[in-house]
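K.L.:
I'd like to ask you about the structure that follows.
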Amino acid sequence: MKAIKIAILSLLVLAVIVLIAGLILISSVSRGAIPKYNGELKISGLKAEVTVYRDERGMPHIYARDEYDLYFATGYVMAQERLWQMDLIRRATTGRLSEIFGKEYIKTDLFLRSLCMTDKSEKVIASTEPEIIDCLRAFTNGVNRYIKDAGRKLPPEFRILSYRPDPWTLTDLANIIGYMGWDLASDNLSSELFNYRLVEKAGESHIAYPRLEG
């Protein structure tokens with residue numbers, strides 16, 4: 001009986017040690033990814049000084065002397081705050097969620113790949129004005145600069161899932177814009193298909209169309 005009590009006590013002590021170690025590790029990982037909100041940063045890639053002011057709600061306000069620095073700083077700050085969410089949406093646009101979440105997402109990836117967003121994005125980029133391309137490129141440069149500067153101090157999700165984000169490209173940005181447009185329009189598409197099937201089944205004589213006042 002005494003040996004059993006000692007074994008149980010040892011297991012409890014071990015469980016407490018593991019719990020404390022886990023809490024310390026989680027705290028260390030989460031603190032390591034907190035952006036620097038005060039002071040100055042020397043960031044390679046900027047042409048001139050940029051000021052980032054965060055108000056009482058934590059909302060950043062960016063002041064720059066030219067558009068390139070403005071978009072570069074926007075990409076940098078956005079990556080500071082939301083890099084993993086950005087990477088998650090990017091993976092959704094190219095059907096690469098199963099690479100980090102497992103085989104349960106393979107069907108989702110196959111559906112997302114069937115939308116061919118990358119092909120469409122490349123066509124959009126090819127027909128976009130050079131001035132807009134310059135702004136998009138400045139943004140991606142800012143994101144990539146943050147990834148490089150952060151080193152191992154990336155958001156904790158990357159360390160938990162054991163991967164690093166790929167460099168950002170113009171196609172990634174166009175994919176996200178296309179994904180947002182598709183996501184917003186998908187509800188309307190579902191409604192239109194439902195209405196079409198309803199008319200097909202019930203007959204047009206049973207459908208009341210709204211009157212246009214003229």
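The values are calculated or read from the model by the stated rules, or taken from the named source; none is laboratory data. Because the structure is a prediction, the values reported are computed rather than measured. Cβ sites come from the backbone with ideal geometry, for glycine too, and all protein chains shown count toward neighbours.
K.L.:
When you look at residue 74, is it in contact with a strand residue (DSSP E or B) (Cβ under 9 Å, 6 or more places away or on another chain) and either crowded, with 16+ Cβ neighbours inside 10 Å or of a type in the set (D, E, K, R) (or both), yes or no? It would help to see each step written out before you state the result.
P.N.:
Working: in contact with a strand residue (DSSP E or B) (Cβ under 9 Å, 6 or more places away or on another chain): yes; either crowded, with 16+ Cβ neighbours inside 10 Å or of a type in the set (D, E, K, R) (or both): yes.
Judged against the criteria, residue 74 is a match.
K.L.:
Which residue pairs have Cβ atoms under 8 Å apart, sit 6 or more places apart or on different chains, and have a first residue in segment 43-63 that is surrounded by 11 or more Cβ atoms within 10 Å (Cβ to Cβ) and a second that is of a type in the set (D, E, K, R) and not in a loop (DSSP other than H, G, I, E, B)?
P.N.:
As it stands, the answer is 43/145; 43/149; 45/145; 46/69; 47/69; 50/69; 60/54; 60/81, since those pairs meet every condition given.
K.L.:
Moving on. Just one of 39, 58, 32 is touching a Phe, Trp or Tyr at 6+ places or on another chain (Cβ under 9 Å), modelled with pLDDT under 90 and more than 25 Å from residue 179 (Cα to Cα); which is it? Explain how you work it out, then say what you get.
P.N.:
Details: 39 fails: touching a Phe, Trp or Tyr at 6+ places or on another chain (Cβ under 9 Å); 32 fails: touching a Phe, Trp or Tyr at 6+ places or on another chain (Cβ under 9 Å).
That would be 58, the only listed residue that is touching a Phe, Trp or Tyr at 6+ places or on another chain (Cβ under 9 Å), modelled with pLDDT under 90 and more than 25 Å from residue 179 (Cα to Cα).
K.L.:
So, one more: I'd like to verify a number: residues in segment 69-90 that are over 18 Å from residue 149 (Cβ atoms) and of a type in the set (Ser, Thr, Tyr), how many?
P.N.:
Just the residues of segment 69-90 that are over 18 Å from residue 149 (Cβ atoms), to begin with: 70, 85, 88-90.
Narrowing further to those that are of a type in the set (Ser, Thr, Tyr): none.
Result for segment 69-90: 0.
K.L.:
Only one of (1) closer than 23 Å to residue 131 by Cα; (2) outside any strand (DSSP E or B) fails for residue 81. Which number is that?
P.N.:
(1)
K.L.:
Right, something else. When the residues of segment 162-196 are narrowed to those that are exposed (fewer than 12 other Cβ atoms within 10 Å of the Cβ) and aliphatic (A, V, I, L, M), which ends up modelled with the lowest pLDDT?
P.N.:
189
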